[in-house]
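One structure is given below, encoded as structure tokens.
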Amino acid sequence: MAAIDVSGVIKQFGDVTALQNLDLTVEEGEVFGFLGPNGAGKSTTIDILLDHVRPTAGSARVFGMDAHDQTVAVRELTGVLPEGYGTLGQMKGRTHVEFALEAKGARGDPDALLDRVGLDGVGHRQATDYSKGMKQRLMLAMALAGEPDLLILDEPTTGLDPNGARTMRKIVQEEADRGATVFFSSHILEQVEAVCDRVGILNQGHLAAVDTIDGLREAAGATGQVRVTMEVVPEELVGTIEGLDGVTSVSIADSTLTAGCENRAKGEIVHRCYQSGTIENVETSEASLEDLFVSYTGGGA
Amino acid sequence: MSRLLQIARKDFRDAARDGQLYVLGALFLLIGLGIGYLAGSNAGSTAPQDVPQLTLLALVFFGSIAAITLSYNQIVGKRASGELRVLLSLPFSRTEVVYGTFLGRLALVVTLTWLSLLLATGVAVVMGAPVAFDLLLGAILVIATLIAVFVSLAVGLSAGSVNTTRAAAGAFGLFIVFLFRLWDGVPIAARYVLNGFSFPSGPAPTWARVWAHLQPMASLRNAIAEMSPPLTEAFGAYAAQIPASQPYYTEPWFGALVTAAWIVLPVTLGYVRLRSADL
């Protein structure tokens, strides 16, 4: 059974179509990164899974249960870091976690949860006095309460410092190791790359691509590149390198030759450059997730 | 059920750090102490019914105001702050959020009003004034019922409003309609319009007279009129007189029914609106 199964979901807010016929399946135990530019419909999708908004058409199921009709049962199995959250009234940080544990009907040590998200020692303070990053960590601690089978994290690293972002990645990994399914949205690509089994790229309300990151790289044809800076780039070198196996493009700007190519061709390219002149620098890179992102979402904006 | 009570408990506790609660708490304290002292310092001329009656009179006004001001923002405010998102990401249903809030606020405001009644009685008794305890018990039940009506109205308003501005306007409307008797003006306005925009002459038609007794303060008053006449005087300023003919719509059973509807329906209507809303 799929952890998340969205099928044919359309959501319109007035004249605006937020989701257009979205189909999406996340398997149990998977860490799924939900990528997309601002306004692509990521939060709307999550809101539908949690029954915060209702689809205009189509259906969403979580562990086989209808996200609307059985929303409480869905949320009993789910830990959520929602978008646009607010702290709960006038409660201390620790009380928040206790409250979440009680709501989940779960036993658990609130202090251990606070520890895990890096809020040790501040649980006795009012959550309204927390900084944005601390509130974010607190919400994560509440999401983790009761060892949920599914974690839904909406932009979990927004507002976190680099340490916080690392803690977040570590926790996602730990939860996945425990067997939980993790579904999180982000527009920060590196974080998705670091922890996700699969990635879905949402653009203008529909899924532009869904695959492993390696799969996406292949499919998008963005393989990688090598940039060789030379004292002087001989004209005839372009032809030579274009002719090599695995090279897709060659260009020269100033004294730098840039070749789009598969990894296995990189050595040969550098070798040919070395033979024909003095090399000052070599840079090589894989296609970044950003290139993929741009290639799927049309770049604009 | 346990999650409903979890929301109710949280709602009650939230009040502890709410600034306006302390202002209102002080007010109810003063009402209790003031009336108790007044009765106690005139112990000789105080009748046993005076303390419950007078305190209820004060609480009908101030209790209703407290119920509205402490409740109208309880759900829409959470919707604006994002707290509702967090609650509805935990396994709470919207039913539990609305009715739990209703119960929590009801407990809070009822506690405040009971504080007044008990303080007034305590001070009066200590200073030697007589207090009718059956009427005190009556006042305790009557004020709790009235508070239930106004908390239901205000929580229903809060659940059904899309933003805090509208809820605040609605709360102001509740004051005007019920405490400043705009309710009674409705049939007059309707008859004025029906009469071709001129004032009608002759006695009010039956529907206009029924209307006056559908108002919650009138219906509650009618419900207790035979059981406890002294307490009905607390409602005199807000409810139409009971006609000598005692038509069915002023009978206690009818009043009890209407009052029950005022407790159940407003919060439920608000819930129905929230149930179908996108957050």
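The values are calculated or read from the model by the stated rules, or taken from the named source; none is laboratory data. Model, not experiment: these values are computed from the prediction. Cβ: placed from backbone, ideal geometry, glycine included. Neighbour counts: every protein chain shown.
For B:Leu157, are the conditions met, namely being surrounded by 24 or more Cβ atoms within 10 Å (Cβ to Cβ), assigned to a helix (DSSP H, G or I) and not basic (Lys, Arg)? Step through it out loud before you land on a result.
Numbers: surrounded by 24 or more Cβ atoms within 10 Å (Cβ to Cβ): yes; assigned to a helix (DSSP H, G or I): yes; not basic (Lys, Arg): yes.
When the stated conditions are applied, B:Leu157 passes them.
Is it true that B:Leu220 is assigned by TED's automatic domain parsing to the domain that holds B:Gly36, surrounded by 13 or more Cβ atoms within 10 Å (Cβ to Cβ), closer than 25 Å to B:Thr55 by Cα and modelled with pLDDT of 90 or more? Don't jump to the end; show me each part of the working.
Working: assigned by TED's automatic domain parsing to the domain that holds B:Gly36: no; surrounded by 13 or more Cβ atoms within 10 Å (Cβ to Cβ): yes; closer than 25 Å to B:Thr55 by Cα: yes; modelled with pLDDT of 90 or more: yes.
No.
A quick yes/no check of all residues on (1) modelled with pLDDT of 85 or more; (2) outside the structural domain of A:Leu50 (by TED's automatic domain parsing):
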| site | (1), (2) |
| --- | --- |
| A:Ile201 | yes, no |
| A:Ala208 | yes, no |
| A:Ile213 | no, no |
| A:Ala253 | no, yes |
| A:Gln275 | yes, yes |
| A:Ile279 | yes, yes |
| A:Glu283 | yes, yes |
| A:Leu289 | no, yes |
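Which count do you get for residues in region B:1-21 that are of a type outside the set (A, V, I, L, M) and facing another protein chain (nearest Cβ under 9 Å)? Spell out how you get there, then give the answer.
Pass one, region B:1-21, residues of a type outside the set (A, V, I, L, M): B:2-3, B:6, B:9-14, B:17-20.
Now narrow it down to the ones that are facing another protein chain (nearest Cβ under 9 Å): B:2-3, B:6, B:10-11, B:13-14, B:17-18.
Qualifying residue count for the region: 9.
Take B:Ser276 and tell me if it is exposed (fewer than 12 other Cβ atoms within 10 Å of the Cβ) and either within 14 Å of chain A (Cβ to nearest Cβ) or in contact (Cβ under 8 Å) with a residue 40 or more places away in the chain (or both).
Working: exposed (fewer than 12 other Cβ atoms within 10 Å of the Cβ): yes; either within 14 Å of chain A (Cβ to nearest Cβ) or in contact (Cβ under 8 Å) with a residue 40 or more places away in the chain (or both): yes.
Yes; evaluated as a whole, the condition is true for this residue.
Since B:Phe61 meets every condition but one in (1) out of contact with any Leu (no Cβ under 9 Å at 6 or more places or on another chain); (2) surrounded by fewer than 24 Cβ atoms within 10 Å (Cβ to Cβ), which condition does it not meet?
Failed condition: (1).
Can you confirm whether B:Phe28 is of a type in the set (A, V, I, L, M, F, W, C), within 29 Å of B:Phe102 (Cβ to Cβ) and crowded, with 18+ Cβ neighbours inside 10 Å?
Numbers: of a type in the set (A, V, I, L, M, F, W, C): yes; within 29 Å of B:Phe102 (Cβ to Cβ): yes; crowded, with 18+ Cβ neighbours inside 10 Å: yes.
Here the answer is yes, as B:Phe28 does meet what is asked.
Residue under question is B:Leu103, and the condition is that it be in contact with a helix residue (DSSP H, G or I) (Cβ under 8 Å, 6 or more places away or on another chain) and either surrounded by 19 or more Cβ atoms within 10 Å (Cβ to Cβ) or more than 14 Å from chain A (Cβ to nearest Cβ) (or both); does it hold?
Criteria met by B:Leu103.
Test B:Tyr37 against the stated conditions and say whether it is aromatic (Phe, Trp, Tyr), part of a helix (DSSP H, G or I), surrounded by fewer than 18 Cβ atoms within 10 Å (Cβ to Cβ) and under 20 Å from the mean Cα position of the chain (by Cα).
Details: aromatic (Phe, Trp, Tyr): yes; part of a helix (DSSP H, G or I): yes; surrounded by fewer than 18 Cβ atoms within 10 Å (Cβ to Cβ): yes; under 20 Å from the mean Cα position of the chain (by Cα): no.
Answer is no for this residue.
For region A:77-91, enumerate the residues that are at the interface with chain B (Cβ under 8 Å from one of its Cβ atoms), under 24 Å from the mean Cα position of the chain (by Cα) and either surrounded by fewer than 21 Cβ atoms within 10 Å (Cβ to Cβ) or assigned to a loop (DSSP other than H, G, I, E, B) (or both).
Within region A:77-91, A:Pro82, A:Glu83, A:Gly84, A:Tyr85, A:Gly86 meet the criteria.
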